[in-house]
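Below you'll find the structure, written out as structure tokens, and then a few comments.
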Amino acid sequence: MALRTLVLGIGDAGLQALYQLEAFNLKNLKLVAINTAHPLKIPEKSVVESLTISGGAFGSGGNPELAAKIARESQSDIEALLYPEPARVYLLAGFGGGTGTGMVPVIASMLHEIGIAVYAIVSMPYIFEGPMRMQIAERGLSELTNGNINDAIVVRANTVATRMLSNYPDIRDAMTLLSQSLVWHLLAHLTG
Ligand SMILES: Nc1nc2c(ncn2[C@@H]2O[C@H](COP(=O)(O)OP(=O)(O)OP(=O)(O)O)[C@@H](O)[C@H]2O)c(=O)[nH]1
Ligand SMILES: [Mg+2]
């Protein structure tokens, strides 16, 4: 059986990263988006699968604690994604919101405890997104790095990178740069 790798894109930023990753057409790679709000509308031609785990229509409402609770309660749904058993799992997310920040540390520990090699690749928010998002992201990061994981790669769009975008960054370009950084770090890890 070929070595299988499962890539979970968690939250909206994670989904965007999966869309970019699928353009590489890699084999033996399963791509699954996990979100908490409404079922995702994945375009028909996409190979990205999706799992919506939600306590209700509001998703995590930007609340990482709630997202973490939903992830813990959905352990069997998450573990079901492992079939047929993958050799390793990558978790991709943008930290700073509810879903990705809350779920990544929980899912990482959950999978690590059952003996799966787990790697998280997460981005920290831009300064211009404000201090609230940065605080949420920093808390998520310490949970992730204090927990059980094989490796955590953190993408920080620092001031230098932000200035490269322009003096007044277009938010879409800024977010695309983040998703692409997640994908390139993943590819570098796979090939390195
Ligand atoms: N790569 C990428 N990053 C994004 C995008 N949108 C937002 N981000 C970054 O990711 C962080 C988290 O945002 P989301 O991914 O929208 O949040 P979420 O995990 O879906 O969480 P909630 O929607 O709050 O439950 C933001 O603070 C941004 O730094 C995107 O389209 N692509
Ligand atoms: Mg979201």
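Readers should treat all values here as calculations from the given coordinates under stated rules, not as data from a laboratory. Note that the structure is a prediction, hence the values are computed from the model and not measured. Cβ: placed from backbone, ideal geometry, glycine included. Neighbour counts: every protein chain shown.
In what sequence do TYR83, TYR19, TYR90 fall when counting other Cβ within 10 Å, fewest first?
Sorted ascending by nearby Cβ count, the order is TYR83, TYR19, TYR90.
Suppose the chain between ARG156 and THR176 were pulled fully straight at 0.36 nm per residue; how much longer would it get relative to their current alpha carbon spacing?
Extending this stretch completely gives an extra 5.8 nm.
Under the Karplus relation 6.51 cos²θ - 1.76 cosθ + 1.60, θ = phi - 60°, what is the ordered set of whole-Hz ³J(HN,Hα) values for region 114-126, x standing for Gly and Pro?
Karplus-based 3J(HN,Hα) across region 114-126 equals 9, x, 8, 6, 10, 10, 10, 10, 10, 9, 9, x, 6 Hz.
In a Gaussian network model over the chain where Cα atoms closer than 10 Å are linked, find which of GLY61, GLY115, GLY11 has the largest mean-square fluctuation.
Highest fluctuation of the listed residues: GLY115.
Give me, ordered by chain and number, the residues 5 or more places off LEU51 or on other chains with an amide H under 5 Å from its own placed amide H.
Excluding prolines and chain starts, which carry no amide H, the hits are ALA33, ILE34, ASN35.
Would you please report the Å³ per residue occupied by the convex hull of the alpha carbon atoms in region 1-48?
In region 1-48, the Cα hull volume divided by residue count equals 79 Å³.
Residue-wise, which Karplus ³J(HN,Hα) couplings in Hz belong to region 84-97, taking 6.51 cos²θ - 1.76 cosθ + 1.60, θ = phi - 60°, and x for glycine or proline?
x, 3, x, 6, 7, 10, 10, 10, 10, 6, x, 7, x, x
In the neighborhood of GLN135, defined by Cβ-to-Cβ distances under 14 Å, what is the net charge if each Lys or Arg adds +1 and each Asp or Glu adds -1?
Net charge in that neighbourhood comes out at -2.
In percent, what relative contact order does region 5-191 have, based on Cα pairs under 8 Å that are 6 or more apart in sequence?
It comes to 21 percent, rounded to a whole number.
Over the chain, with a Gaussian network built from C-alpha contacts below 10 Å, which listed residue (ALA68, ALA33, ALA161) shows the highest mean-square fluctuation?
ALA161
What residue among ALA152, ALA37, ALA80 has the largest mean-square fluctuation in a Gaussian network model of the chain, using Cα springs under 10 Å?
Its mean-square fluctuation being the largest, the pick is ALA80.
Equivalent-ellipsoid semi-axes (√(5λ), Cα gyration tensor) for region 29-186, whole Å, largest first?
Equivalent ellipsoid semi-axes, largest first: 25, 17, 17 Å.
Could you please state, rounded to a whole Å, how far the C-alpha centre of region 92-155 is from the C-alpha centre of region 25-46?
20
Calculated from DSSP H runs of 4 or more alone, at -39500 (n - 2.57) each and per residue, what is the 222 nm mean residue ellipticity of the chain, nearest 500?
Calculated from helices alone, the mean residue ellipticity at 222 nm is -14000 deg cm²/dmol.
Label-point separation (nm) for SER76 and PHE128, each offset 7 Å from Cα along Cα-to-Cβ?
4.7
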